[in-house]
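Encoded as structure tokens, the structure appears first; notes follow it.
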Amino acid sequence: MANVRHDSRTEATRLLCAGTYLDIEFRRRVIEELVEHEERPIAPSLGVDVVPVLAHALRARRQDAQTALLLLALWGTFIGIEVGTAAEGGLPVWSGLYALVSFFQWGAATSAGRGSSVYVVDKRTLREAMKGNVRALVPVVPVVLAIAYWAYAFYSLATGAGNWIGVLFPLLLVLPVWAHRTRVAAVMRAELSREKFRQAPRAEPTTPYHQRIAQAIDREQYAGLTIYDAGRPFIGMGKPYEPWSFVLELKRRKEPAGPGDGTAPFTGRTVVELVRPRLEALRQAAAGTSRDRLKDLEIEEFVYLPVGPPRARLDYADATVLRHLAESVDEGGEARRYFLRVRVGAWDEQVVVSVLVRVHTQGGMLVLEVVPHVLTPIRPEFRAVDVIAARGEDDLLRDGVRALLSGPAAGFASALSTLSAGFSGFRTWLAEPRRGLPDGPATSVRELGGTQSVSLFQEMDISRYVKTVQDRIASGVREALRSQGFETDQFEQQIVQISEGGVFIGSMSGGAVASGAGAQAKNTVKSGGS
């Protein structure tokens, strides 16, 4: 497939692939966004490759379905034999009791923040939030319920109060879960361990239907343009981080113009071409003097297009992208919007800082918009892949005991996952999203797999990256003004980056500054005598 970049091997991609096995809800959301809503182009992929994530999500769902079908056949046999051997009017006591244990074990695991049908994975953020002894006991309830059932079953069998059905069939029900765990552990070791992931072939969907979707994703995820819905801008970039804008009236310097002053039109492209070299110099300086992530700083021109033609008719050819970039950089339009995108992927692409810069100069005004965004780290529970991959193939007996203790909840969750997959397939077939109304992306796979917060170290790095990039942007704009013979005093005096990353505003004539989410800059002129 086309457009395969180094992002296919990033740590963020690896953890997201593993997350499709470890969290049913995450897997469901991935498939919903990429398959059920095929009419939506995907959001820009920053530091990840979405195709292998989709491939692993589909494989994990398929394995869940196989396990659920085996369990369904065993359950049917379980209930049928118990009903057939019961006295007239008797009820299937053991199958009913084991079903209750499965339900309550699954419910306890879910309430403790565990969402896997195969591996029980703690969500540390929830566990840390637990207060009091009662809530602290929730994570151990599934194991206690399983042990209690087996103790009661063997006791009843020993005393003659029960029969072999209550022991044999629950043991048989563990076998599909055990086999499922073994298959997933093999994937973690052979494909998703740190070493193997860098060497293994890129995972891709296997069916023609999903291959068509993967080909569309490859056309879109690294393109220089993206489609957006007016109510959902900047999807895929993460959380806004102190956006600000600056509006300044362009005034010529009073002293005689120097050579070249004012001889060329002052446009957004003029500013961009002076900002870019300063950012490139920052990257080179970081690469030559340190291991700072600024050495890998990426600078790209990017354009947002409003929802228009159906997805299949969108043109992502290089010539088309270049035409949009050339036309939009100076137009300052509302719908098609040009940005210079500066990206820093830190902490193994766990923290991604993107600074979007837009400049336009219509009506004798300079408008500068700076919109930083941050993608937060991948969920820590997805790192269980390293624990699972570290377990050798000789761990079968220990894993069998784990399957015995978690089997009831695992089987119940597997059945729910399969039912959900069935409904998903039916909805997709019924809606035929490929021919649905054009729409922009509603979320991104990278955002779905992110946490809600960052550590203090990461916050310090984010602030440093944003401030450093903004300083280079400001110096580029100042040089653009100076080279074209415009006054720079107001620009130099009125925009001061303070330690919190805000903007200090003194007295201003002919300009305005806005800072913060949703801020707007307006320049108002008072009437005489006021």
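No value in this document is a laboratory result; all are computed from the given coordinates. Note that the coordinates shown come from a computational prediction; the quantities given were computed from them, not determined experimentally. Positions of Cβ are backbone-derived with ideal geometry, glycine not excepted, and every protein chain shown enters the neighbour counts.
Among Leu282, Leu157, the order by Cβ neighbours within 10 angstrom, fewest to most, reads Leu157, Leu282.
When the P(r) of the range 197-333 is calculated, the portion above 27 Å amounts to 47% of the C-alpha pairs. With a Förster radius of 30 Å applied to the C-beta separation of Tyr209 and Leu322, the computed FRET efficiency comes to 0.40. Computed over the alpha-carbon pairs of the range 166-210, the distance histogram in 10 Å steps reads 23, 29, 28, 15, 5 percent, short to long.
Of the peptides 25-31, 450-456, 167-173, the ranking by mean beta-carbon count within 10 Å, highest at the top, reads 25-31, 167-173, 450-456. Plainly put, the range 375-474 has a radius of gyration that is 1.15 times its Kirkwood radius, both from alpha-carbon atoms, as the Rg/Rh ratio. Peptides 180-189, 13-22 ranked from most to least packed, by the mean per-residue count of other Cβ atoms within 10 Å: 13-22, 180-189.
With the simple spin-label model, which puts each label point 7 Å out from Cα in the Cβ direction, the Asp315 to Ala431 separation comes to 3.0 nm.
Of the peptides 62-69, 231-238, the ranking by mean beta-carbon count within 10 Å, highest at the top, reads 62-69, 231-238. Counting every alpha-carbon pair across the range 351-406, the share separated by more than 16 Å comes to 71%. Extent of the range 34-101 along its three principal axes (Cα atoms, max minus min coordinate, largest first): 64, 20, 18 Å. Which FRET efficiency value, to the nearest 0.05, is calculated for Asp386 and Met460 with the Förster distance at 41 angstrom and r the Cβ-Cβ distance? With a Förster radius of 41 Å, E is 0.95. Normalising the average separation of contacting C-alpha pairs (under 8 angstrom, six or more residues apart) by the number of residues puts the relative contact order of the range 312-373 at 24 percent. Summing +1 for each Lys or Arg and -1 for each Asp or Glu among the other residues whose beta-carbon sits under 13 angstrom from that of Thr207 gives +3. By the Stokes-Einstein formula, at 0.692 mPa s and 37 °C, the range 299-361 with its Kirkwood radius over alpha-carbon pairs has D equal to 248 µm²/s. Taken over the range 5-76, the alpha-carbon convex hull comes to 91 cubic angstrom per residue. The residues neighbouring Leu274, those whose beta-carbon lies less than 11 Å from its own, together hold a net charge of +4 under the Lys/Arg +1, Asp/Glu -1 convention.
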